[in-house]
Amino acid sequence: MKLKVLEVAGIDLTIYKFIVPLMRELKENGFDVSCAAASMGATEKIENEGFKIHNIDIKRKIELVSNIKSIIQLYKIIKKEKIDIIHVHTPIAAVLGRIAAKLAGVKHIIYTVHGFYLSNKIFYYIEKFMAKYFTDYIFTVNHEDLVFAVENYFTSPEKIMNINSVGIDAQKFDPDKIDLKKIEQIRKSFQINATDQVIGFVGRVVKEKGILDLINAFILLSKQKENTKLVIVGSWELGERDNTTKGEIDELIKKYDLQDRIIFTGHREDIKDLLSMMNIFVLPSYREGMPVSLLEAMAMKRCVVATDIRGCRDEVNEDTGMLYEAGDVKKLTSILSDLLNDTTKRKAFGENARKRVQKLFEQQQVIEKQIKLFQKLL
């Protein structure tokens, strides 16, 4: 009889973008796999992959009544589907999923930490309590989180493993497989000239990602270099978590008359094509677990610049890109200016970056580490 696995995350987009490759491998290894998450537009894509998805309402913040309702929904799914293993992701969903699993008597509870979210003491104690009493095994996506969890007695060393990111498919993100005609069409659609140098960002357009720092750095840079464009790939995240950033950015662009030089693409699926037209990829985040966008850029041989924070430090070293202190706009501007002037350095960084991804962050390597644990549970 097949063991039943339920993957749980806050939203279906997280499942689709980061967890489906693991689900495919689990299925191939004889597990019965389904998932649960709030619907944010990826449910049909997950179903097309051959997986059952339970759409439930999971708030992305602590809200007692709503959180209890989510626990009840998950509990009912677990009992009805007779789940043997629950594998949780993302902070709030991970807490709610583990409580539901414990109440339902699930045999094995696994938690992948996509970066501990410890912005205040309350989150610290919640994470520690849940790790100690509601979790059988923990995967971290970076080494710093593993060390932190062990040193602070969240769990014992034998119950935690660093899987080194969620992994990148370097066969998919391969600069040698790019259609140059398609890239040219994309450049034309955004009115990017052949002589323009492109700085790029891929991710959620929110303050936490350092997007305002990047805009301000580009404002300073634009005064020095007229043939530069900034391409921001990703959706605005408005509402409860970040309702002022868009207004601030709009004001800055208008004030400095940069409407033609700062390009917002919105959500895109052709990430590898957009990366391939960037001269420099920037990730100015204040908090990350193990940023996939940075690995994708590195796999595409892009010159990368990132903040010197957890996760980014695991991915970027002195041979593959540049790190700077989060929030230091002047330093970011200086780094970008120097790199735009140095084609040789950019190329060397890009070549080394792809080799590093292939050596340390290949998706199959990451998945195999997790599969071994699942197979032990058999």
Would you please name the chymotrypsin sites (Phe, Trp or Tyr not before Pro) within segment 123-168 that are DSSP coil residues with at most 14 other C-beta atoms within 10 Å of their C-beta? Tyr153
Which value in Å is the Kirkwood Rh of segment 257-378 over different Cα pairs? 15.7 Å
Taking a threshold of 31 Å on the Cα-Cα distance, which of the pairs Lys82/Lys359; Lys17/Lys159; Lys45/Lys80; Lys52/Lys376; Lys181/Lys369; Lys188/Lys246 fall above it? Lys82/Lys359; Lys181/Lys369
Taking Cα pairs under 8 Å and at least six residues apart, what relative contact order does the chain come out at, in percent? 14 percent
Out of residues 5 or more away from Thr90 or on other chains, whose amide H comes under 5 Å of its own, with H placed 1.01 Å from N in the peptide plane? His114
What ranking do 171-184, 343-356, 210-223 get when scored by the average of other Cβ atoms within 10 Å per residue, highest first? 210-223, 343-356, 171-184
Residue-span extension gain [Lys331 to Glu248] - 0.36 nm each, minus C-alpha spacing: 27.7 nm
P(r) over all Cα-Cα pairs of the chain, 20 Å bins from 0 to the longest distance, whole percent per bin, short to long, reads 28, 56, 16, 0
Dipole of the chain, Cα-centred, from +1 at each Lys and Arg C-beta and -1 at each Asp and Glu C-beta, to the nearest 20 debye? 680 debye
So, in Å, what gap is there between the alpha-carbon centers of segment 289-307 and segment 44-100? 30 Å
Quick one: work out the % antiparallel among DSSP beta bridges in segment 175-360, nearest 5. 5 percent
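All of the numbers you see were taken from the coordinates with simple rules; none came from a lab. Computed from a predicted structure; not experimentally measured. Glycine also receives a Cβ, built like all others from the backbone with ideal geometry; neighbour counts cover every protein chain displayed.
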